[in-house]
């Protein structure tokens, strides 16, 4: 008879989906235990208590961080942003889209025209009342030729945006986009108060979120306190919280076990079994669309050559990396960012396997036999990134590829290495929709196109699929895009990682969000509570 340990093993090995795990657990009478093991819930999800201060240790955070939402590019700043800001919409714990500052929205003209009805009575931390003009100013902050925002690719699809009175915003798109309500929940698109000149002071830290900023020391520590005048203040439980950057995972674990902090993200899978034995600590693990990538800049030799890129993809043993780097806490990737929590994952796309001989053949075709490359790495990219580099070096050597590992400093990795060095490691949180994932990092003009990859067919399909309302046609388009990216793209995506964090027994949590980002979809401060 199937037992729970077997189901868990299959889940972590990637042979069983999260949904099928729950179905199988229920079928074999394990439904009471299974959700707690998979989602980090159970008796801990008791009645929330009000009050208290939460200390979170995060593996991200840099001295170069800014309060400008356009610049958010790590889990620490994104979590702070979702704590001090509100957004038009939000993705719930069930993966479904819901309202936040927009109470409702409606599309017309083939999803080219969108009307958002805003919540009334919303107050910013400076006492200013929110109106449609604030929304327009906040979204415009990410547009323009000089914008470096990760959300530029979203707002640049706007043909026009207007405030219709104080509580209605009308957005007209250049092309239809059925996913726009999802996209405006992006962590960059925080709603901020507009100044008299119609612009926002993005670095002020003033928002209309559940908590207001008290202190900001980038790369060190930031603290927030509850905003009493929030329109839904009763929905959160904590009085205050702080985010402490502890880049070293061993130091994070030590801080957690000694009680210096109450919660931590990005636990080390190597020592997870030891941490799980601590009766005062609870491990929280969820699956989703998060993944590790190895971006190659397609505007730089030797990565300009698609055969070289493909050879480097065949030169990684994905199963070995899953077991060695993640200890099975995730599943195999196929060189595109669409994961199991996405709607249009193409399960018929052949899984790329480790094939040193195929890699050698491709390099010979490209005239690049005896290829030598430099691979930049740091555990700032993700816990285990240095080990992953060493492992890849061993894999690639069997294909005749000489990989020189460059150990980069953790501080400033995201500003000095990522998108600058030609071959490095990167970490991506999941995106709820295919269009969002593709538009953020693979569209030709995306600000975060870290591979500088441009494919005409892919970009044409991106626009067409965005406006396609016929489900089978849309699914076929996204399947083709996954194939194009897997075969031609500049990113090696070997594995998808589970989110693994931990809290002390002084922290209560509901069911954590599985389809989003670390720290309960980066909403830990908004959803967790302290246990007396």
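No lab work stands behind these numbers, since they all come straight from the coordinates. Computed from a prediction, not measured in an experiment: that's the story for all the values here. FYI the Cβ positions are ideal-geometry reconstructions off the backbone, even for glycines, and counts take in every protein chain you see.
Summary of computed values
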| read-out | value |
| --- | --- |
| Alpha carbon convex hull of region 210-307, projected area averaged over orientations, nm² | 11.1 nm² |
| Helix-only CD estimate at 222 nm, as mean residue ellipticity for the chain, using -39500 (n - 2.57) per DSSP H run (n ≥ 4) | -8000 deg cm²/dmol |
| Sorted by Cβ density within 10 Å, fewest first, the residues 318, 327, 407 | 407, 327, 318 |
| Cα gyration tensor, region 86-205 - rounded (a/c under 1.5), prolate or oblate | rounded |
| Value of D in µm² per second that Stokes-Einstein yields for region 291-497, Kirkwood Rh from Cα pairs, at 4 °C (1.567 mPa s) | 76 µm²/s |
| Packing rank of 301-311, 369-379, where each peptide gets the mean count of other beta carbons within 10 Å, highest leading | 301-311, 369-379 |
| For region 418-442 and region 194-222, distance of Cα centres in Å | 26 Å |
| Structure-derived Rg and Dmax of the Cα atoms in Å: which label, when the choices are (i) 22.7, 69; (ii) 24.0, 74; (iii) 28.4, 96 | (i) |
| Ranking of 104, 149 by count of other Cβ atoms within 10 Å, fewest first | 104, 149 |
| Between region 298-343 and region 47-72, the Cα center-to-center distance that results, in Å | 30 Å |
| Ordering of 106-114, 58-66 by packing [mean C-beta count within 10 Å, highest first] | 58-66, 106-114 |
| Normalised contact order of the chain, rounded percent, pairs of Cα under 8 Å and 6 or more residues apart | 22 percent |
